[in-house]
Amino acid sequence: MKKSKTWSVILIVIAILIIMIQFIPVSRENPEVQGTPDFNNERTHELVRQACYDCHSHETDWPWYAYVAPVSWLVASDVHEGREHFNMSVPPFEHGDEAAGMVEKGTMPLDIYQWMHPEARFTEKEKQDLIGGLRATFGQSGEDGHEDHEH
Ligand code: HEC
């Protein structure tokens, strides 16, 4: 009897904590899009949209679980870190060659993202299209896609 009472108290405390962490603010902003890479074709743009844009652009589609702590903290941290390393909404567009290499090795998109997003689980053909598209768009050296102010 005493034991079950202890458990009730523990469960209530856990429930209160879960409710309280929902009030910790999480930044889910989508800042202004300042530019878009000059994609070599629509196919590349589409594949990148499907598998990369949620973490590497300012056009993030925030899923419902991005509103439920503590999962929301993980989602937001992936997006913010992803944008910091490689952002397809802010020129100059760099790291394109690296991006192709990461798709080739299978490190991107992140595994956890593929579990949650079946449309980001690519077939070998789609993977090859994306790798070629990233190289064609960003150049082998990882230089920017399009910057209009050069002569
Ligand atoms: C769930 C979020 C998420 C998705 C989706 C995602 N990435 Fe990332 N990406 C990250 C994070 C976080 C980092 C930074 C940490 C790291 O390198 O693991 C990163 C880093 C990168 C980097 C920079 C590496 C560096 O060293 O600067 C490139 C390039 C990249 N990702 C390409 C891609 C490409 C291409 C796709 C789509 C095929 C993709 N990512 C999908 C989260 C993501």
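The values are calculated or read from the model by the stated rules, or taken from the named source; none is laboratory data. Note that this is a predicted model, so its numbers are computed, not measured. Cβ atoms come from the backbone with ideal geometry, glycine included; neighbour counts cover every protein chain shown. Heavy atoms of the whole protein, side chains included, go into the accessibility calculation; ligands, DNA and RNA do not. Shrake-Rupley method; radii C 1.70, N 1.55, O 1.52, S 1.80 Å.
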Check your understanding: What is the residue count in the stretch 28-60 for residues that are within 11 Å of the ligand (Cβ to nearest atom) and not hydrophobic (A, V, I, L, M, F, W, C)?
Key -> 8
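For the stretch 100-119, enumerate the residues that are open to solvent by 70 Å² or more (accessible area, probe 1.4 Å) and near the ligand (Cβ under 8 Å from one of its atoms). Reasoning before the result, please.
As a first pass, look at the stretch 100-119 and keep what is open to solvent by 70 Å² or more (accessible area, probe 1.4 Å): 104-105, 111-112, 115-116, 118-119.
Listed by number, the list holds a single entry, Ile112.
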Practice item. Among the residues of the stretch 85-98, write down those that are open to solvent by less than 10 Å² (accessible area, probe 1.4 Å) and either within 7 Å of the ligand (Cβ to nearest atom) or in contact with a helix residue (DSSP H, G or I) (Cβ under 7 Å, 6 or more places away or on another chain) (or both). Key: Met88, Phe93, Gly96
Check your understanding: Applying the selection to the stretch 36-54, what residues are without any contact (Cβ under 8 Å) to a residue 60 or more places away in the chain and more than 18 Å from the chain's Cα centre (by Cα)?
Key -> Glu42
Check your understanding: Inside the stretch 5-15, can you point out the residues that are of a type in the set (A, V, I, L, M, F, W, C) and open to solvent by 90 Å² or more (accessible area, probe 1.4 Å)?
Key -> Trp7, Leu11, Ile12
Check your understanding: Any idea which residue in the stretch 65-84 is nearest to Asp38 (Cα to Cα), counting only those that are open to solvent by 70 Å² or more (accessible area, probe 1.4 Å) and within 11 Å of the ligand (Cβ to nearest atom)?
Key -> Glu84
Review point. Inside the stretch 19-35, can you point out the residues that are free of Cβ contacts under 8 Å to residues at least 24 places away in the same chain and either closer than 30 Å to Asp97 by Cα or open to solvent by less than 90 Å² (accessible area, probe 1.4 Å) (or both)?
Key: Glu29
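Having 3 or more residues that are modelled with pLDDT under 95 is the bar; report the helices (runs of 4 or more DSSP H) wholly within the stretch 1-97 that clear it. Spell out how you get there, then give the answer.
Values: elements: 2-21, 42-51, 53-56, 71-85.
By residue number, 2-21.
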Practice item. Determine whether Ile112 is at pLDDT 95 or above and in contact with a helix residue (DSSP H, G or I) (Cβ under 7 Å, 6 or more places away or on another chain). Key: no
